[in-house]
Every structure is written in structure tokens, then in C-alpha cells.
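Here the structure is laid out as C-alpha cells; the discussion comes afterwards.
The values are calculated or read from the model by the stated rules, or taken from the named source; none is laboratory data. Keep in mind that what you see is a predicted model, and the values were worked out from it rather than measured. Cβ atoms come from the backbone with ideal geometry, glycine included; neighbour counts cover every protein chain shown. In case anyone asks, the SASA skips ligands and DNA or RNA and just uses the protein heavy atoms, side chains included. Shrake-Rupley method; radii C 1.70, N 1.55, O 1.52, S 1.80 Å.
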Amino acid sequence: MSRRATTSKRKQVESDEWPPKRPKKSEKGVQLTLMNATKSTSPMDWANTVSNIDDIAPEHVLASYGIGLLGNKRPCPNKFKSSSPDRLESVRREDEMDIIELSDDEGPSCDVTCSKSRCKSNPYCLNYLGQEMWENPAYMIDKGKKAIQSSIVAQFEGDPHLRLRKDGKPVGLRNLGATCYANAFLQVWNQHRAFRSGVFQCIPSAESDESLEKSPIFQLQVTFAALCYGKATVFDPRPLVDSLRLSNTEQQDAQEFSKLFLSHLDTEFKKQEAPFLRTLITNQFEGTSVYGTRCHTCGYKSEHETKFTELEISLTKSRLEDALAESLQAEVLSGDNKWVHRLIPGNTTFRLVLHFSVQRFIFDFESMSRKKSKSNVQFPATIDMGRWIGRETPGTVDSNDAENSTEIYDLRGVLLHKGASAYHGHYEAQVYSSDDQKWYQFNDETVTETDLLPKASSKKQASSTVPDDTDDGVRSFNSKDCYCLIYARRNSEKDNFQPEMPSSSVQARIDVLDLELERRCQDYDEALGRQLDEFEASRHEKQEIYRIWQLSTLKVI
């Protein structure tokens, strides 16, 4: 039907009358005349004009729902109507079809009454089907990007960009099941720069690539290189754990692991040609204690020397200094222990690094089992170990010696055992980084910057170390979970540190891991970009569809 014919037909209907009336047919016909129908205000107004049930037509059924030519529902104009060329072509095609278009300027405007609440039950209004979201690019792009990112993250098993190291932050170590005790000590040793440099300079005694893979010293080099120079936030130490034949299902004693591993490294270092490497463990960790007997009567004295890499601290004393004085003081043998030569004094020398091992795990004779002691330990930020060298009464203080002491040690690490049981729990480490002069909390994969052993703020945090100030002005700390305390002689790293980079073979392993991570990030970005492009194309496609809807048109029945 042409536009002129459409206009002519429209003139037959009064502009203020809706719906248009249709010609009357025979009373015996199926349809009811529309000439007697006036503008409906109720879906059942037509019932007043029907006297015979046979005269009920499909229009009446539709009118009962407010729709059709007799219904009281009005079509609402498309609020998202587009004036694009595609839209104009669509209007032209509709004119060529036999469609009566009731334009927006004919009859009362629907824009006045069209609203989401008013048109909730109006099937002629399709303005509230979610188009407003598609018309809001910021909202849809943000919402769509989040949904797409969630899908891509699941596909890539996490966002690889989050695995990239940022701002020189220390790297965490993956917990393989029950290897947190090893992770804690590895983080402590890695922050000791002189020891780390020595590890890099050591040449593994391996005859082939296969034996090199099984070499603990080589895998330790790779681990330290990843912690120092790798681009990933977390490193998987599985090759090192496998080379040491550690079980990842059974937690071992951290102190025993430390002793055995340092002993193994000492064996490897002694095979090196460089003199300073052959004595690295000795110079850094191995102290000596001289025990002897001296007779009060004749003055006879005999001595024997023992070596140690850690000092055991009993929990019978709450302060570290008191416990140390108790363990190093002279002992008078009497009773069943009485010898001919009765007095046992001691003299001790200390190396650059001190490990104090707190005897947290005790044997309970009542239950005949091991238990963990939650006794509090107070330890200082700085300790003068000269008080225990060459003195008849270890631990005594001489003000003159204290000012000129060369045996000042600063706190550099604290190992914590979290948990109430002696058979299981979790190990963490608080370690001072000499590279940026900051303290970090190492909890396997998670590494966070922290204050120097921050103060606990609640009972729930009681296992943390709590700072305090002692009478002599030295800051001290209290902890119920500290398991090992690490001190380093002041200025020792400055005098002995020799920076060294990992070997080319070690660096090649790290480069491969970094390249794999970078490719993973690139693949992630490409996949995300493709999905976002497809989403944007789909958004425009939907806009083109609903923008050309002509819900102000009715096809003559």
C-alpha cells in the first residue's frame, strides 16, 4: 500500500479516536462491527456490545488482555529509535508492505505516559528490556570485561600478570605440601648476602647434565637466582626438594633440617679451589666452645673444643641473655657427678652469624609424648656477645668493654612456629633484607613488608612478636612462637660481602622461566582482547536490532 493510500485511510479515522473502527459485517458473521465500538477504557468494555455468544470474535479475546484493535493498550514509540541510513531503509520497506503506521504525532503522545512502572504489563512497549544497559558503554564494558576476565582467568588458571614481580619485592616460595620449614630457612639464608654470593661461586661436582639436575648445590643456586633476579612473584622449589629427597607429605624438624643442610653444603664448599669458599660455612656460622676441667686444689686443667652452628636456648629463663648466661656458665661437679677435678668453666667464640635455637618442643613424662611449650621469650634487637667471651662469669657487663666491643650482633631473622602441637604446625619467617633495609614476612607464597616485628593488637595475634623497651634502652621483643633467632655481627656483611652473579647455566634456567611467564601474559592479553572485541561487536549488533523496532505499527487483521 502506498503512503498516499495510507494517509487517505488514516483520514477515515478521527485523530483522537483509538483504536480505529472497522466496517460492520453481517450479524451472522464471525466478527463484531467496529463502528459501534468506542475508545476502550477497560479490557471488557466490548462485552456491553455483544448480545450473542456467536458474535464473540478473536478481537474480543485479545481485547480481554488489553491488546489488539479493541484493546486499551497503546503502542509506545521506540525511545532508542535510530536515524541511521539503515533505519530509514527499514521505514521504506515497511511502507511498501501492507502496514498501517500510526506515527508518533498522531493521537496523544505516548512519551507522556510511557514509564517502566506504567508499561510493565503493556506488550506494545519494549522500551524496558535492558536496552539502557547496552546504551551505556562504560557500564557494559566494565560489566562485560569483568565477566570476560573471569572466564579468561579460569581458562589460564589465574591472571599471569599477578605472578609478575613488582618494584623489587622479595619472591615467595611455593609450599609443596609440608615444606614450609624448608621455605622459611631458605628465605633466611638468601637474605645473607655473603653466603648467597658464596653459593653462586660454588662449582657443583657433577659430571653430566643429569647429575647436575640432581645436585643440591646447583638447585640451591637456581633457587637463590630466582629469589633475587627472577621476574615471578613465586618460585617453585620442587627441584631442590627432590634433590634433597625431602618428603612433601611429612613435616620435618626445622632445626634438624638446618643442621643437615649446612653440613652438606660445608662438604661441597670444601671441594672448591677458592680458599674462602672452603671455609665459608666455618667463617659464617661455625662457632667454638671450649670446655674443660680445673681442680680447685692442684690447679690442673684440661680442655677440649667443640664446634656448633647454633646455640640451644632453654625456656627455663624468659630472657635470651639470662638463658644464654645459664647455658655458658661454669658448673661445679658434686655428688654423683663429682670428679677429681671438679670445676668446669667454659669459653666460647662466635662467628659472623648466630643461630639461637629455642627449645620449644619438650618431652612430657606424664603423657609420654612431645609437647610444644608456649612460654614467652624476650630477645633484644641488639646483643653484645662480648659479655660471654673470656670471662670467668659469662654474661657480666663491663661498661668500658661494652663501648669498645666488636662483638655487637643485630637481629636479622626470626623463625616462627604457628600451632599448638609439636607434631604439626606452620613455619613462617620474619627476615631483614640488607638490600633495601626493610623487614619482610615470608609465609610461603605470600611476602609482605612489615615493621620490625610488629606489636600484636589482640589475643588472636598473640603469636606475633611484641616489641618492648628494656631498662638499658635496647629494644626487645616478646614471642610465644619464636623457634629460631638469627643475629649477624654488626658491619660483617659490609666487610666481607663480595657480590657475585649466578653462572650462565643457572641464569639460563631463570631466563627460560621468565620467558615462559612473559609468553603466558602475552597469550592472556591476546585472548582477553579477542573476547572484548567480540563483545563490543555483539553490543553494536544488538543496538542495531532494537533501534529499528517499530512498535508503533499494527498490521491490519
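Residues of region 123-155 being exposed (fewer than 15 other Cβ atoms within 10 Å of the Cβ) and assigned to a loop (DSSP other than H, G, I, E, B), which ones?
Pro123, Leu129, Gly130, Asn136 - these are the residues of region 123-155 that are exposed (fewer than 15 other Cβ atoms within 10 Å of the Cβ) and assigned to a loop (DSSP other than H, G, I, E, B).
Look at Gly172 and say whether it is open to solvent by 10 Å² or more (accessible area, probe 1.4 Å), under 29 Å from the mean Cα position of the chain (by Cα), more than 20 Å from Asp266 (Cβ to Cβ) and not hydrophobic (A, V, I, L, M, F, W, C). Steps first, answer last, please.
On the way: open to solvent by 10 Å² or more (accessible area, probe 1.4 Å): no; under 29 Å from the mean Cα position of the chain (by Cα): yes; more than 20 Å from Asp266 (Cβ to Cβ): yes; not hydrophobic (A, V, I, L, M, F, W, C): yes.
No, not satisfied.
Among residues belonging to region 294-328 that are open to solvent by 40 Å² or more (accessible area, probe 1.4 Å), at pLDDT 80 or above and assigned to a strand (DSSP E or B), point out the one that is nearest to Ser476 (Cα to Cα).
Arg319
Quick grid of which residues meet (1) at pLDDT 80 or above; (2) open to solvent by 50 Å² or more (accessible area, probe 1.4 Å); (3) outside any loop (DSSP other than H, G, I, E, B):
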| residue | (1), (2), (3) |
| --- | --- |
| Thr41 | no, yes, no |
| Glu59 | yes, no, yes |
| Gly66 | no, no, no |
| Leu69 | no, no, no |
| Arg74 | no, yes, no |
| Lys79 | yes, yes, no |
| Ser82 | no, no, no |
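Listed here are the residues, each with its yes/no results for (1) within 30 Å of Gln219 (Cα to Cα); (2) among the β-branched types (Val, Ile, Thr).
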position	(1), (2)
Met140	no, no
Gly144	no, no
Ala147	no, no
Phe156	yes, no
Asp159	yes, no
Gly168	yes, no
Val171	yes, yes
Arg174	yes, no
Gly177	yes, no
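Suppose we filter Tyr432, Tyr440 for residues that are modelled with pLDDT of 70 or more, among the aromatic types (Phe, Trp, Tyr) and open to solvent by 30 Å² or more (accessible area, probe 1.4 Å); which single one remains?
Tyr432
Which of (1) open to solvent by less than 40 Å² (accessible area, probe 1.4 Å); (2) assigned to a helix (DSSP H, G or I); (3) modelled with pLDDT of 85 or more does Glu544 not meet, given it meets every other one?
(1)
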